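Taking it in order: structure first as structure tokens, then the write-up.
The values are calculated or read from the model by the stated rules, or taken from the named source; none is laboratory data. Quick caveat, the model's predicted, so the values are computed rather than measured. Please note: Cβ atoms are built from the backbone with ideal geometry, for glycine as well, and neighbour counts cover all protein chains shown.
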Amino acid sequence: MCTLCGSNERVPGSRGVTRRSVLGALGGLTALGGLVGCSGSSIAAGTATSTAAAPERSRLSVVLLGTQAGPPVDPGRAGIATALVVDDATYVIDCGRAATTRYVEAGLRLDSLRGIFLTHLHADHIADYYNFFLLGGHIKNILGDTLAGPVPVYGPGPAGGLPPKFGGGTAPTVAPESPAPGTAEMTARLHEAYAYSDNIFLRDMTIRDIRALAEVHEIALPPVGAGHRNTSPPTPPFPVMEDDRVKVTATLVPHGPVFPSFAFRFDTDHGSVTFSGDTRTTDNLTTLARGTDMLVHEAINVRDVELPPADLTHMLESHVEVQEVGAVAQQADAGRLVLSHISNLGSPVDPARWEQMAAVGYDRPVIVGADLQRLVIA
């Protein structure tokens, strides 16, 4: 039984305890429960300069909300998600499993969220996307926080088709009437999927209309001949958006059959950060990242497992080996290399060993990311 329901304690951000405010507090308590129940293993596992639960003041910093690669629900790491904090504004890059909970655990304000950027539409990058609006845009949590208003979302448009099945044969097709939707259609379908819950809350608690909270922008591609059969031709960096804090550019990166798949670069008055997204080695990324202060890059280790040759080739068509990522950072002349979206393919990541492997060919600092790690740039 929850003792809060019978408490006379006022909920922060409210004038008194009401049914509505108690429901909000219960939602917030769930998030705090995640913080209390989170073991130190995921934080201690990395080389964190600090954990993010009590963020210090800085002009530009990166918070690794989740660092897990791929869909498996492994202990110790949440799904891939990163926050870029520029002065008092926050931008989220990818929204993997538990991203909203990690965001609040990190001490980040929902009302500071200025944009969400999706590198591609694999499930492990979007699992918590809708929760930023469904839950983060609901009534205030116990910290008195909720989304301030509509949040711009920048993500892929429709793929235009599906690839053949790996290994041959056929595969079933989900939603054959529209099997490869982009960010806008995906969001619209999520609105429909949660319609009953939203319609009840709109009548029972006077929440905001969730359809007005996400301003979706599908990223327009330059005329380079890209498509689902040619996913990443040579692509010079192209503009995505610009506001009073950041200028965002992107390029296409090769991530197996996924299209489109983006890398993003954020330039600010205080420095620059580039996010690789999921990719194999590509000149598109090193061109985009040239001279960046920090390169946040994915990595896998396939050398400690035995894979059939076809499976190994298939894996390396989508990802960069940890032993090769240092050379990527060196070629890009990146000031720091941070590994996130990492996998040891079935066994825990050993941060010290990974740091040694990633440092090969790179003469600057390497950080093996851990959840809730905060990295100050300026």
Check: ALA310: farther than 24 Å from PRO365 by Cα and among the aliphatic types (A, V, I, L, M), yes or no?
Finding: yes
Could you go through the range 191-205 and let me know if any residue there is in contact (Cβ under 8 Å) with a residue 12 or more places away in the chain, more than 27 Å from LEU316 (Cβ to Cβ) and either under 18 Å from the mean Cα position of the chain (by Cα) or in a loop (DSSP other than H, G, I, E, B) (or both).
yes
Residues of the range 266-311 being at pLDDT below 95 and of a type in the set (A, V, I, L, M), in sequence order, are VAL305, LEU307, ALA310
Flagged in the range 345-372 as in a loop (DSSP other than H, G, I, E, B) and either under 20 Å from GLN331 (Cβ atoms) or among the hydrophobic types (A, V, I, L, M, F, W, C) (or both), in numbering order, are LEU345, VAL349, ALA359, VAL360, GLY361, TYR362, ASP363, ARG364, PRO365, ALA370, LEU372
Checked the range 348-363 for anything of a type outside the set (Ser, Thr, Tyr) and either at positive phi or touching a Gly at 6+ places or on another chain (Cβ under 6 Å) (or both); matches are PRO351, ALA358, ALA359, VAL360, GLY361
A careful count of residues in the range 272-331 that are surrounded by fewer than 17 Cβ atoms within 10 Å (Cβ to Cβ) and assigned to a loop (DSSP other than H, G, I, E, B) gives 9
In the set ARG336, ARG245, ARG280, ARG290, the lone residue that is over 30 Å from VAL151 (Cα atoms) and of a type in the set (Lys, Arg) is ARG280
Within the range 225-256, restricting to residues that are of a type in the set (A, V, I, L, M) and closer than 27 Å to THR268 by Cβ, the one that is surrounded by the most Cβ atoms within 10 Å (Cβ to Cβ) is LEU252
All-but-one check, ALA48 against (1) at pLDDT below 65; (2) surrounded by 23 or more Cβ atoms within 10 Å (Cβ to Cβ), failing number (2)
Exactly one of PRO172, PRO179, PRO156, PRO164 is closer than 25 Å to HIS314 by Cβ, of a type outside the set (Ser, Thr, Tyr) and surrounded by 19 or more Cβ atoms within 10 Å (Cβ to Cβ), and that residue is PRO156
Among ASP88, ASP124, ASP111, ASP74, the single one that is of a type in the set (Asp, Glu), touching an Asp or Glu at 6+ places or on another chain (Cβ under 7 Å) and either within 26 Å of SER318 (Cα to Cα) or modelled with pLDDT of 95 or more (or both) is ASP111
Exactly one of GLY137, GLY169 is of a type in the set (Gly, Ala, Ser), within 17 Å of THR100 (Cα to Cα) and at pLDDT 95 or above, and that one is GLY137
